[in-house]
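*Asks:* Please find one structure pasted underneath; my questions will follow.
The values are calculated or read from the model by the stated rules, or taken from the named source; none is laboratory data. Predicted model, so just to flag it, every value in this text is computed and none were measured. FYI the Cβ positions are ideal-geometry reconstructions off the backbone, even for glycines, and counts take in every protein chain you see.
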Ligand SMILES: NC(=O)c1ccc[n+]([C@@H]2O[C@H](COP(=O)([O-])OP(=O)(O)OC[C@H]3O[C@@H](n4cnc5c(N)ncnc54)[C@H](O)[C@@H]3O)[C@@H](O)[C@H]2O)c1
């Protein structure tokens with residue numbers, strides 16, 4: 001499994017040359033890998049990103065996936081395409097770093113996992129907040145609050161400039177696209193998966209002209225409660241349905257018998273355990289870069305596994321789908337129910 005650098009650099013193909021594809025290409029390059037090709041049907045974009053790292057540009061990855069000097073594929077396309085590119089890359093014998101969320105359906109994510117198991121390849125997910133200092137600072141301070149804690153998160157923003165984010169069949173909306181990060185953090189805080197979900201939700205942007213071209217708009221706003229083992233609870237208020245231009249705001253609070261922790265994700269956090277609060281300011285840090293540097297070390301040096309796995313992605317997706325089902329069926333949904341809601345698309349992608 002480990003790549004021996006004596007046989008040449010770790011070769012990478014990046015699929016999707018948007019914001020995340022550009023980050024992946026540059027971070028692989030900085031980590032020491034050789035980015036062989038950047039692929040995007042929008043060739044001009046592929047060329048721009050490829051030029052940053054001295055790679056070839058292509059409209060589709062087909063020819064590059066069979067190359068012996070390619071060992072890893074970064075899948076950075078819209079979410080509904082993650083499965084097809086991931087499975088094709090794995091079947092070609094490559095390891096994959098796929099952007100989060102894993103997919104739009106559990107069955108699609110399970111097929112990705114099955115391919116990785118069958119071909120004995122690494123399949124990891126870009127839950128890069130694990131490499132954000134705020135993630136670790138929350139965990140460290142949360143441990144000082146005593147237990148059980150009551151957790152609350154508010155994540156709001158105006159309509160996302162990338163309309164695909166609002167497409168139920170594209171990126172799936174914020175409950176799938178954004179909440180996976182929070183669920184990954186809360187799994188550590190609550191030491192496991194929730195048992196049930198109770199949610200209310202809306203599509204605030206239903207009538208907005210900016211989204212008129214989207215046939216099936218994703219739910220963009222929800223309030224939900226996750227009940228974890230032992231009756232511990234987390235509550236989430238999320239919306240991407242505010243007017244265009246409203247800035248992204250993310251706040252968490254954790255209350256326990258020994259204190260209160262208030263987090264302002266992009267800025268820092270304050271811990272209240274007595275008369276004098278303790279403040280922490282978030283440093284400048286690139287979690288995507290740290291994640292890829294770590295995956296590079298895992299693949300080339302056998303460093304201990306830290307980058308999220310497909311199982312982590314499936315766990316997060318199951319919670320998202322339980323939230324959407326709870327909204328749709330107006331009832332509490334248990335995580336051990338069958339959770340498969342959004343029908344998979346069958347796109348022509350591999351040319
Ligand atoms: N880790 C994070 O925090 C984070 C942040 C933002 C986005 N993401 C995820 O990354 C993925 C990409 O998001 P983005 O913000 O870079 O989007 P983007 O729109 O900037 O880029 C997506 C690119 O994929 C290309 N594409 C479209 N169809 C394709 C096809 N058939 N084959 C290959 N490429 C195709 C588009 O032309 C575009 O260049 C999404 O799954 C998103 O959820 C993760």
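*Asks:* Conditions: (1) closer than 30 Å to residue 214 by Cα; (2) within 13 Å of the chain's Cα centre (by Cα). Residue 112 meets all but one. Number of the miss?
*Replies:* Exception for residue 112: condition (2).
*Asks:* What number of residues within segment 323-340 satisfy the criterion of being more than 23 Å from the chain's Cα centre (by Cα) and part of a helix (DSSP H, G or I)?
*Replies:* Summing the residues that are more than 23 Å from the chain's Cα centre (by Cα) and part of a helix (DSSP H, G or I) in segment 323-340 gives 2.
*Asks:* For segment 296-311, name all the residues that are out of contact with any strand residue (DSSP E or B) (no Cβ under 6 Å at 6 or more places or on another chain) and in a helix (DSSP H, G or I).
*Replies:* 296, 297, 298, 299, 300, 301, 311, listed by residue number.
*Asks:* Can you give me the number of residues within segment 41-59 that are near the ligand (Cβ under 9 Å from one of its atoms) and in contact with a helix residue (DSSP H, G or I) (Cβ under 7 Å, 6 or more places away or on another chain)?
*Replies:* 2
*Asks:* While we're looking at this one, here's another question. Which of the residues spanning segment 1-35 are within 14 Å of the ligand (Cβ to nearest atom), assigned to a helix (DSSP H, G or I) and more than 16 Å from residue 72 (Cβ to Cβ)?
*Replies:* Selection gives 19, 22.
*Asks:* What are the residues in segment 124-161 that are within 13 Å of the ligand (Cβ to nearest atom) and touching a strand residue (DSSP E or B) at 6+ places or on another chain (Cβ under 6 Å), if any?
*Replies:* Across segment 124-161, the qualifying residues are 124, 125, 127, 155, 157, 160.
*Asks:* OK, next. Criterion first (more than 10 Å from the ligand (Cβ to nearest atom), surrounded by 24 or more Cβ atoms within 10 Å (Cβ to Cβ) and over 23 Å from residue 166 (Cα atoms)) does residue 97 satisfy it?
*Replies:* Considered against the rule, which asks whether it is more than 10 Å from the ligand (Cβ to nearest atom), surrounded by 24 or more Cβ atoms within 10 Å (Cβ to Cβ) and over 23 Å from residue 166 (Cα atoms), residue 97 comes out as yes.
*Asks:* While we're here: Please verify whether segment 154-175 includes one or more residues that are within 19 Å of the chain's Cα centre (by Cα) and either within 24 Å of residue 259 (Cβ to Cβ) or not assigned by TED's automatic domain parsing to the domain that holds residue 207 (or both).
*Replies:* yes
*Asks:* Could you check residue 78 against (1) in contact (Cβ under 8 Å) with a residue 40 or more places away in the chain; (2) under 21 Å from residue 310 (Cα atoms); (3) buried (at least 24 other Cβ atoms within 10 Å of the Cβ) and say which number it fails?
*Replies:* (3)
*Asks:* Considering every residue within segment 116-123, establish whether at least one is part of a strand (DSSP E or B), more than 13 Å from the ligand (Cβ to nearest atom) and touching a helix residue (DSSP H, G or I) at 6+ places or on another chain (Cβ under 9 Å).
*Replies:* Looking for residues that are part of a strand (DSSP E or B), more than 13 Å from the ligand (Cβ to nearest atom) and touching a helix residue (DSSP H, G or I) at 6+ places or on another chain (Cβ under 9 Å), one finds at least one in segment 116-123, hence yes.
*Asks:* Take the conditions closer than 25 Å to residue 267 by Cα and away from the ligand (no atom under 16 Å from the Cβ) and apply them to residue 90. Does it pass?
*Replies:* So residue 90 fails the test.
*Asks:* Out of the residues in segment 225-254 that are exposed (fewer than 15 other Cβ atoms within 10 Å of the Cβ) and closer than 12 Å to residue 148 by Cα, state the one that is modelled with the highest pLDDT.
*Replies:* 229
*Asks:* Shifting gears a bit: Has segment 60-80 got any residue that is closer than 22 Å to residue 313 by Cα, assigned to a helix (DSSP H, G or I), in contact with a helix residue (DSSP H, G or I) (Cβ under 8 Å, 6 or more places away or on another chain) and not assigned by TED's automatic domain parsing to the domain that holds residue 165?
*Replies:* Among the residues of segment 60-80, at least one is closer than 22 Å to residue 313 by Cα, assigned to a helix (DSSP H, G or I), in contact with a helix residue (DSSP H, G or I) (Cβ under 8 Å, 6 or more places away or on another chain) and not assigned by TED's automatic domain parsing to the domain that holds residue 165, which makes the answer yes.
*Asks:* Within segment 297-316, how many residues turn out to be under 15 Å from the mean Cα position of the chain (by Cα), under 20 Å from residue 12 (Cα atoms) and surrounded by 16 or more Cβ atoms within 10 Å (Cβ to Cβ)?
*Replies:* 4
*Asks:* Now, a different point. When you check residue 38 against the structure, is it within 9 Å of residue 17 (Cα to Cα), part of a strand (DSSP E or B) and either within 12 Å of the ligand (Cβ to nearest atom) or without any contact (Cβ under 8 Å) to a residue 40 or more places away in the chain (or both), yes or no?
*Replies:* yes
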